[in-house]
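Single-structure report; data block below.
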Amino acid sequence: MEGVDPDLRVRPFFHHGGEFFIRDFAVDPIKNEMGLETPDQDLCRAKDPNNPVKITNPAGLVLDPALDKIKRPPVCSAVDDGDGDGVINEIDTALVNHKVSQPIANPDDGS
């Protein structure tokens, strides 16, 4: 079956199907394409370089660093300035939460 790894995790995001977590899919391009940093504490805890932990986020998704390829976000706190430009909390987490909760457009129904 295409798009499903042996661990049965469907990874539909990005051209290579490498992402399964829409927040990771949203946070990474915000940094790479717009140069803006947004913290994500769930991703930071799951990808902590010293003590990565398996967590269940508020939506019920389990992030398991032993099984999942999880990218650490550019910053882990709203007061971090990862790129050193003097600006903190460049994209509020609430905006990311709103964006990832929107329905996905379906070209077949005109949306």
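Here is the figure for the range 25-68: residues that are outside any helix (DSSP H, G or I) and under 28 Å from GLY86 (Cα atoms) total 10. For the range 86-110, residues that are out of contact with any Asp or Glu (no Cβ under 9 Å at 6 or more places or on another chain) and touching a residue at least 12 places away in the same chain (Cβ under 8 Å) total 4.
The numbers here are math on the coordinates, done by the rules we state, and not lab data. This one's a predicted model, so the numbers in the text were calculated from it and none came from an experiment. Please note: Cβ atoms are built from the backbone with ideal geometry, for glycine as well, and neighbour counts cover all protein chains shown.
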